[in-house]
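The values are calculated or read from the model by the stated rules, or taken from the named source; none is laboratory data. Note that the coordinates shown come from a computational prediction; the quantities given were computed from them, not determined experimentally. Every residue, glycine as well, gets a Cβ built from its backbone with ideal geometry; the counts of neighbours run over all protein chains shown. All accessible areas refer to the heavy atoms of the entire protein, side chains included, with ligands and DNA or RNA removed. Shrake-Rupley method; radii C 1.70, N 1.55, O 1.52, S 1.80 Å.
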Amino acid sequence: MKTLALAIAFCGCAHAQTAVSARVTADSLAALRAKSPMARLATAPAAPKAEAKPSIIRESVILHDGTNWTLVPESALLHVPANLKHRVNTRPVGKIMPWVDFLVSNRGWLTTENVSFDEAAGNTAIDTKRAETWQKSDRIIVATHLNGPISVRSKEVTPALASK
Amino acid sequence: MKTLALLFAAVTACPADSYVNFIRQKQQDSNVVWDMPVPQQGAAPSALLLETSGALFQLFTINETSQTDYLLDQKLVGTYLPSAAVKVTTLDPYEKVTRTRVDKPFTVEIEIGGLMANPSAPAEANQVRLERHLGSYEGESHTLDASALIHSTPAETALLDTNTLTRLEFSASSVPSKDPLKAKGEEHFTVFSAGSGELGNTQLATGFVQVWPVATGEIKGIEPGQEVRFDSPALELILHDLYPRSDTHLILYKGEGIHGQELATLQSYSLDQDHSQSTVIPVDSLDKHIVDDGTYTLALVTDTVFGRDLLAEMVTFVIHRNIHVNAMQVDMTEHVTP
């Protein structure tokens, strides 16, 4: 931010007399601080435990291809083949990409499965046969809803979800 | 079924390819987390159902180079959720940031709306929680991580349970410091939803005030009571923590104290910036204003929006230069006529 400190100036003119305030002391400041106006408000119960600063990286699953990486909500992975586990949840390195761009660039090992909101919320069980089909895939499957990655808390626990 | 039009601002402070933005929606009843498929700039409607306890929308951005994520904004939307607004005002009319001096008063106004006063409704429908956080600037810095501060343990907490404007008048700031008069930092006032879990930690509104220290100073080069017989000494002004907008003067008075004749301003230093400052200034023009012997006083003062304050103890000194003849001896012998 620009500093607008002016150059030292010599002024030979006399100022009109201006009243000088009494200097504040540590004691007078303590007296001013003693009565907080918040004291008259209703007491709040013990606040919820203060959480760490919100972090989307900390609250997500990281996917990376060795050069780029992206993130999806936790519990959004429906299936992770054993030979692709190294692409999941390692320290983010390389360039961060939006989910859509990352998906397009990595369709060789990454795909999506559309789920309804009720399936994601666990209100409706995911069809067992459908879930079995995922296990046969050689690609990582990410649950999506309306083209956006979504966490899944299905009543039908799939092997991928159980392993998390 | 409700849809919510959500506007978000793109990161404009840095080039678009330096950051990647994500909007995350967290449903408060089902705990479903959904990342909205949105472009890096623009607006999009939220397509998920609005649940009873609402949805938390968070806008994050991630720096491509440092891999660091930042929460730019968040909004909690729901059928039971109240609205809140926080406004802080001080004596300083500076428009870029609300600021004050540690020993000066400021006012916090909190306006709450949408509370239901219905015992059967969720807690977050009937009351909100006000938190006061105090943060100090470290070293020479004049910024701090506001998000981290707001999510730390508050200095004070209170409940607000009526749809009204609450006005809190603080006589001074409580930003902590080893020397209370030299405190510098920020006070943040944040309204949170009163529910539990993440909902209880969701802020509805926030406001803050920047706090600067009380300035002090020293007049070096001359001592109180000093008698000056020859050239006046060269002076030096040591100025500590001048208020960001201030005019500081060294004024010469005739006589003792500052109630006598004001002869001249020997030196001035003006500041108009976003942070306090300490500096050293030489003064060498004392003799130009002192003609007669007598008593004089130097006063180091600073003018701010809060008034005129004395930065150091006044220095009263004496000029004693003229030669006074008390007796005279004359040799008359050359004038005697034989």
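For the reader, a short list of remarks on this structure follows.
- Filtered residues of region B:248-261 (kept if without any contact (Cβ under 8 Å) to a residue 60 or more places away in the chain and either surrounded by fewer than 19 Cβ atoms within 10 Å (Cβ to Cβ) or of a type in the set (Val, Ile, Thr) (or both)): B:ILE251, B:LYS254, B:GLY255, B:GLY257, B:ILE258, B:HIS259, B:GLY260, B:GLN261
- If the condition is being of a type in the set (Gly, Ala, Ser) and in contact with a Pro (Cβ under 9 Å, 6 or more places away or on another chain), then region B:226-253 contributes only B:ALA234.
- Looking across B:LYS96, B:LYS104, B:LYS26, one residue alone is modelled with pLDDT of 80 or more and part of a strand (DSSP E or B). It is B:LYS26.
- Counted as qualifying within region B:140-254 are the strands (runs of 3 or more DSSP E) with 1 or more residues that are closer than 30 Å to B:ALA125 by Cα, namely B:156-160, B:165-170, B:185-193, B:203-212.
- Residue match in region A:115-137 (condition: at pLDDT 90 or above and under 18 Å from A:THR70 (Cα atoms)): no
- Checked against (1) within 23 Å of B:ASP69 (Cβ to Cβ); (2) open to solvent by 40 Å² or more (accessible area, probe 1.4 Å); (3) not in a loop (DSSP other than H, G, I, E, B), A:ARG58 passes all but condition (3).
- Number of positions in region B:41-66 that are open to solvent by 40 Å² or more (accessible area, probe 1.4 Å) and either in contact with a Pro (Cβ under 9 Å, 6 or more places away or on another chain) or at pLDDT below 75 (or both): 7
- For A:PRO149, the conditions (1) within 20 Å of the chain's Cα centre (by Cα); (2) open to solvent by 30 Å² or more (accessible area, probe 1.4 Å) all hold with the exception of (2).
- Among the residues of region B:142-171, those that are more than 8 Å from chain A (Cβ to nearest Cβ) and open to solvent by 40 Å² or more (accessible area, probe 1.4 Å) comprise B:HIS142, B:THR143, B:LEU144, B:ALA155, B:THR162, B:ASN163, B:THR164, B:LEU165, B:ARG167.
- Test for B:ASP274: is it among the charged types (D, E, K, R), surrounded by 15 or more Cβ atoms within 10 Å (Cβ to Cβ) and not in a strand (DSSP E or B): yes
- Checked against (1) within 13 Å of another protein chain (Cβ to nearest Cβ); (2) modelled with pLDDT under 80, B:PHE8 passes all but a single condition, namely (1).
- Looking across region B:67-93, the residues that are open to solvent by 60 Å² or more (accessible area, probe 1.4 Å), of a type in the set (Ser, Thr, Tyr) and part of a loop (DSSP other than H, G, I, E, B) come down to B:THR79, B:TYR80.
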